[in-house]
Amino acid sequence: MKKSYTSLALLMMLSAAMLQCKTKSEIEPDPALRYERIDFNKGAIQIMDTLVDQLYGEWNLREVEFDIKYSNPMGSVKRDTVFKDFAVLDIKNISREEDQRHPVCKGELSLRGKVWPVAFRLWASPERIAEKTGPQAFTLFETNFPNGSRPWQDDEIFFRDLGLTGENYTIEVDVRNKNMIWKGLNRDIKQILLQKR
């Protein structure tokens, strides 16, 4: 009886050892399946090299589409709406001095006879770098008053509460058609179609 328990224990240990053995193909991956290492810094610089020159100049906000997400909207727009030929974005300066991967764009937004200084920093989309799909860049679009903030005038409240600034967007530029599409990521702006003037 003792002999059969010993044999059973040896058989179990041998089985466990054989299960742990690996074939050569399991140890060394197939060379065809090896992945290329992606340099995201280099990829970001390459995307910005092609994108930045396309951004300069005046862009007509041809369509600004709102998709209201909440039943009690807080902003200036209270229901799903599409504004046509809404405003003009003039991108006057793009600096890459601080970081080649993340250019800072500055300019002005003209709406209803008023002009506001604006700025946004571009971040290359990791999806575009790795898979050559998705948007070219992400950004946070903000007002850029000289001393940071300032009191809002009564005729600026509509713009302040619009949700156009202070919003994150994806950016996709179509060079052939001189269009740019910004898709809102957090608030009620679904997308903005911009046309180069």
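Of the residues that sit in segment 162-197 and are over 15 Å from Phe86 (Cβ atoms) and assigned to a loop (DSSP other than H, G, I, E, B), which one is most open to solvent (accessible area, probe 1.4 Å)?
Among them, the one singled out is Arg176.
Pull up segment 146-156, narrow it to residues that are in contact (Cβ under 8 Å) with a residue 24 or more places away in the chain and not in a loop (DSSP other than H, G, I, E, B), then point me to the one that is most open to solvent (accessible area, probe 1.4 Å).
Start the filter on segment 146-156 by keeping residues that are in contact (Cβ under 8 Å) with a residue 24 or more places away in the chain, which leaves 146, 155-156.
In the following step, the residues that additionally are not in a loop (DSSP other than H, G, I, E, B) were identified as 155-156.
Working: Asp155: 101, Glu156: 5 Å².
By that ranking, first place goes to Asp155.
Looking only at residues in segment 75-106 that are touching a Gly at 6+ places or on another chain (Cβ under 9 Å) and small (Gly, Ala, Ser), which one is modelled with the highest pLDDT?
Ser76
Please specify each residue of segment 102-145 satisfying the condition of being more than 26 Å from Phe83 (Cβ to Cβ) and open to solvent by less than 70 Å² (accessible area, probe 1.4 Å).
Within segment 102-145, His102, Pro103, Val104, Ala124, Ser125, Arg128, Ile129, Ala130, Thr133, Gly134 meet the criteria.
The values are calculated or read from the model by the stated rules, or taken from the named source; none is laboratory data. If you're wondering where the values come from, they're calculated on a predicted model, not measured in any experiment. So basically every Cβ, Gly included, is an ideal-geometry build from the backbone, and we count neighbours across all protein chains shown. Note: accessible area is taken over every heavy atom of the protein model, side chains too, but ligands, DNA and RNA are not part of it. Shrake-Rupley method; radii C 1.70, N 1.55, O 1.52, S 1.80 Å.
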